[in-house]
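Below: one structure, written as structure tokens.
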Number of protein chains: 2
Amino acid sequence: MLLSTKGRYGLKASLELAFFYGKGPLNLKSISEKYNIPESYLEQLLSKLKKSGYIDTIRGKQGGYLLAKEPKDITVGMILRALEGEITSSDCLKNDKCGEENTCVTRIIFEDIEKSINNIIDNTTLEDMIHKRKQIYKEAH
Amino acid sequence: MLLSTKGRYGLKASLELAFFYGKGPLNLKSISEKYNIPESYLEQLLSKLKKSGYIDTIRGKQGGYLLAKEPKDITVGMILRALEGEITSSDCLKNDKCGEENTCVTRIIFEDIEKSINNIIDNTTLEDMIHKRKQIYKEAH
DNA sequence: TCTAATCTTGACAAAATTAGTAGGGTATTA
DNA sequence: TAATACCCTACTAATTTTGTCAAGATTAGA
Ligand code: FES
Ligand code: FES
């Protein structure tokens, strides 16, 4: 499996923040309840996203989390990498554990897979996803 | 990470068998030594591939493993799925743990990723990889 | 000022998965 | 018939995932 719940939870939360961009902070509980994500776990994820610079926080009453940049300037890849680390098809690509180095054929296909994954996640912004959500709602109603 | 060592080891071994297709069986030790894969571990993987019908075995002296079909009839996807189970970007796609079901936007991107992965692994056969290996050797020498 | 709401931090723990190890059993053939 | 090689199951170690918990810091608003 490419992504764990970290990426899934974190991306959903980011998307929620993107949806509220410009409308004030969202607190942890509201997000964790809406998407049924354990509060303390989500907290850790949002903390990572903050350290990576994608999220800002406001402490104290009425505080919460908000996107640090415009939705169009945050890609899905940024969020996923902040949470899951490098997104890779096989870790031999990063740590060359293979031994065959330059003549490994298996490597070629792993690279192909990885390129196509990166191509998707690096070319989809949170704004793109908001647009898609709007389309979905239109179709549903 | 999309693939564990299971898929990596197993794909390498399968490729080795594909390379020797029609030239008699290869024994476990020769493969495990060549690619530096723990013997007993590889044994388990090859056993799975046998149960899935991609590999035949010959017991006893002079025995070993051989591909059960022509390299052109075995895809990378078949091997990987036999070893790793369903290849997926996020398991919410299989077990709909999400709760939003039909209106989940996050799901869309996971589906895109998965399609592009499947597109690659289902359209690459072991024979394709053998051709690539030959090209690589030509370039290297 | 007091207090409740909120994020902050770091340690801890349970569960699941991965990556092996080990060893006895079975079939084949030189 | 002995050596070779696959077969099978159980066990273990290591790692990662998926949380839980508690004490603290900050702030808005009564
Ligand atoms: S580099 Fe990944 S298997 Fe060779
Ligand atoms: S279906 Fe996967 S996050 Fe909604």
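The values are calculated or read from the model by the stated rules, or taken from the named source; none is laboratory data. Everything numeric here is computed off the predicted structure, so don't read it as measured data. FYI the Cβ positions are ideal-geometry reconstructions off the backbone, even for glycines, and counts take in every protein chain you see. Quick note on the areas: whole protein, heavy atoms, side chains included, nothing else; ligands and nucleic acids left out. Shrake-Rupley method; radii C 1.70, N 1.55, O 1.52, S 1.80 Å.
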**Q.** In the stretch A:34-63, the residues that are within 16 Å of ligand 2 (Cβ to nearest atom) and more than 18 Å from A:Glu84 (Cα to Cα)
**A.** A:Lys34, A:Tyr35, A:Asn36
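Right, B:Asn36: facing chain A (nearest Cβ under 8 Å), open to solvent by 80 Å² or more (accessible area, probe 1.4 Å) and within 30 Å of A:Ile136 (Cβ to Cβ) or not?
No; evaluated as a whole, the condition is false for this residue.
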Q: Go through (1) hydroxyl-bearing (Ser, Thr, Tyr); (2) away from chain A (no Cβ under 11 Å); (3) crowded, with 17+ Cβ neighbours inside 10 Å one by one and return the number of the condition B:Tyr9 breaks.
A: (2)
**Q.** Lone qualifier among A:Glu100, A:Glu84 - being open to solvent by 10 Å² or more (accessible area, probe 1.4 Å), within 13 Å of another protein chain (Cβ to nearest Cβ) and without any contact (Cβ under 8 Å) to a residue 40 or more places away in the chain
**A.** A:Glu100
Q.
Only one of B:Ile130, B:Ile117 is at pLDDT 95 or above, more than 23 Å from A:Leu3 (Cβ to Cβ) and open to solvent by less than 30 Å² (accessible area, probe 1.4 Å). Can you tell me which?
A. B:Ile130
Q) Among the residues of the stretch B:57-116, which ones are within 25 Å of A:Ile113 (Cβ to Cβ), part of a strand (DSSP E or B) and within 15 Å of DNA strand D (Cβ to nearest atom)? A) B:Leu67
